[in-house]
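The values are calculated or read from the model by the stated rules, or taken from the named source; none is laboratory data. On a predicted model such as this, the values are computed, not experimentally measured, just so you know. Ideal geometry is used to build each Cβ from the backbone, glycine not excepted, and the neighbour counts take in all protein chains shown. Ligands, DNA and RNA are stripped out before the accessible areas are found, and what is left, the full protein with its side chains, is counted by its heavy atoms. Shrake-Rupley method; radii C 1.70, N 1.55, O 1.52, S 1.80 Å.
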Amino acid sequence: MTSDFTATLADTRLLAIIRGSGGAAAVAAGTALLDEGVRVLEVALTTPGALDAIAAIRAAAPAGTLVGAGTVLTEADVADVAAAGAQFVVTPAVVDSIGAAARRGLPVAAGALTPTEAYTATRMGAAAVKLFPASLGGPAYLKALRDPFPRLPFVAVGGVGLAELPGFLAAGAIAAGVGGPLVGDAASGGDLDALRERARAFLAATS
């Protein structure tokens, strides 16, 4: 499963991050993203009703897509998202959930900023390193991190919009995780047609 996760990320180069005000809106946004061809998406646990939303999106997801959970911090969170059907886990930092998810066979994209954090996350079982917040150092910082860790799969997350995306991919990120610049207010009941337009633009930029 871990190899499938990283291979799919590297192929599609886009991880959609859904963080909203309610489960029903999150499901609507996630379904729209999948309809437009997004193949990897996460629902942040800070979204009310996130577990039900993960289960509903997963049930509607076509073959070849991955639906996961974000902002997963604790072992209890891992148990909850696994029960909801999450296919991968994303963390904002080096936290207990990394090892707990790895022991369950759930791939983890672990949040890290420094070289020590990136190395520690992989030692704990992370399948990929979520460089967060990527905007802090930009593509040049990612390139510097990759010099000593050329085989670590980095996913750039945080402040990555359409304008910034090419730079991070050129610097060696296997994918970018995009929340606000892609999802906008759609996960809080906003315009789904606008979401679909943004999804098409991001998919074109990663193709």
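The table below gives the values:
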quantity: ³J(HN,Hα) computed for each position of region 134-141 - Karplus, 6.51 cos²θ - 1.76 cosθ + 1.60, integer Hz, glycine/proline x; calculated: 4, 5, 5, x, x, x, 5, 5
quantity: Built amide H within the under 5 Å cut-off of Val157, gap 5+; calculated: Leu131, Ala134, Gly177
quantity: Efficiency of FRET between Arg103 and Arg151 - r from beta-carbon atoms, R0 22 angstrom, step 0.05; calculated: 0.45
quantity: Shape call, region 1-78: gyration tensor on alpha carbons, a/c limit 1.5; calculated: oblate
quantity: Answer label for Cα extents along the principal axes in Å (calculated), chosen among (1) 42, 37, 27; (2) 67, 41, 31; (3) 70, 48, 23; calculated: (1)
quantity: Dipole-positive endmost among Pro62, Ala100, Thr46 within the chain (Cβ charges, Cα centre); calculated: Ala100
quantity: Interchain or long-range residues, amide H under 5 Å from Gly111's placed H; calculated: Thr91, Ala93, Lys130
quantity: FRET efficiency estimate (nearest 0.05) - Cβ-Cβ, Asp191 to Asp52, R0 25 angstrom; calculated: 0.60
quantity: At 0.890 mPa s and 25 °C, Stokes D of region 76-151 from Kirkwood alpha-carbon radius, µm² per second; calculated: 194 µm²/s
quantity: Accessible carbon and sulfur surface of region 88-150 relative to its total accessible area, %, 1.4 Å; calculated: 58 percent
quantity: Top positive-direction residue, dipole computed over region 142-207 with Cβ charges, set Leu195, Val178, Gly167; calculated: Gly167
quantity: Cα shape, region 97-203, gyration tensor, a/c 1.5 rule; calculated: oblate
quantity: Residue-averaged [θ]222 nm for the chain, counting only DSSP H segments that reach four residues, each worth -39500 (n - 2.57); calculated: -13500 deg cm²/dmol
quantity: Karplus-derived HN-Hα couplings along region 177-194 (A = 6.51, B = -1.76, C = 1.60, θ = phi - 60°), whole Hz, x at Gly and Pro; calculated: x, 10, x, x, x, 9, 7, x, 9, 5, 7, 10, x, x, 6, 6, 5, 5
quantity: Extension reserve of the Leu73-Thr116 stretch, reckoned as 0.36 nm per residue once the Cα distance is removed; calculated: 13.6 nm
quantity: Extension gain (nm, one decimal) between Asp35 and Arg123, 0.36 nm per residue minus Cα-Cα; calculated: 28.1 nm
quantity: For region 1-50: accessible area per residue (Å², 1.4 Å); calculated: 34 Å²
quantity: Estimated vicinal HN-Hα couplings, Hz - region 3-8 in sequence order (Karplus 6.51, -1.76, 1.60; Gly, Pro = x); calculated: 5, 4, 5, 5, 5, 5
